[in-house]
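Comments concern the structure below.
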Amino acid sequence: MAELSVDEAEARLVLDWKNPLRHGTYTKAIFRPAVMRANRLYPHAAISDDFTPHGLRHTYASLCVAAGLPMFEISRFMGHAKPSTTETVYAHLLRDDHTTAMAALGAMAAPTASNVVALRAN
């Protein structure tokens, strides 16, 4: 599927949300081909072969910490039973000042492609 265009891959992809999506199936059939296609179309992105859906989960949680969201809320987003689990994993991020990095990310928030739709107004 990595060789297909985005439209061709989307046409072949059928997700049945009534059945559980197996992690291995998702990674092999959807995530990995998408990473390979992104690297082919945007070589400067250079997404590592080691990058996984779980890496996206850590990225999301790290950005939440950097944005200053309360740990209790992040814990709920992550599905952790206890906020202490979230604090244990991400405590090292609490010591740093993320102001500059968050400003840089905010500057990239404006959609630059015609197929990007804003989920909410700023």
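The values are calculated or read from the model by the stated rules, or taken from the named source; none is laboratory data. In this text, all values refer to a predicted model and were calculated from it rather than measured experimentally. Every residue, glycine as well, gets a Cβ built from its backbone with ideal geometry; the counts of neighbours run over all protein chains shown.
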So which residues in the stretch 27-75 are modelled with pLDDT of 90 or more and not assigned by TED's automatic domain parsing to the domain that holds Met102, if there are any at all? none
Flag if Leu105 is surrounded by fewer than 16 Cβ atoms within 10 Å (Cβ to Cβ) and either out of contact with any Leu (no Cβ under 7 Å at 6 or more places or on another chain) or outside the structural domain of Glu8 (by TED's automatic domain parsing) (or both): yes
Leu94 vs. criteria over 30 Å from Val6 (Cα atoms), out of contact with any Ser or Thr (no Cβ under 9 Å at 6 or more places or on another chain) and not in a helix (DSSP H, G or I): no
Check every one of the helices (runs of 4 or more DSSP H) wholly within the stretch 1-91 and list those with 2 or more residues that are small (Gly, Ala, Ser). 6-12, 32-41, 53-66
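Of the residues that make up the stretch 114-122, is at least one part of a helix (DSSP H, G or I) and at pLDDT 70 or above?
No: the stretch 114-122 contains no residue that is part of a helix (DSSP H, G or I) and at pLDDT 70 or above.
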Any chance the stretch 85-98 includes a residue that's within 15 Å of the chain's Cα centre (by Cα) and at pLDDT 85 or above? no
Search result, residues across the stretch 97-109 that are outside any helix (DSSP H, G or I) and closer than 13 Å to Leu63 by Cα: Asp97, His98
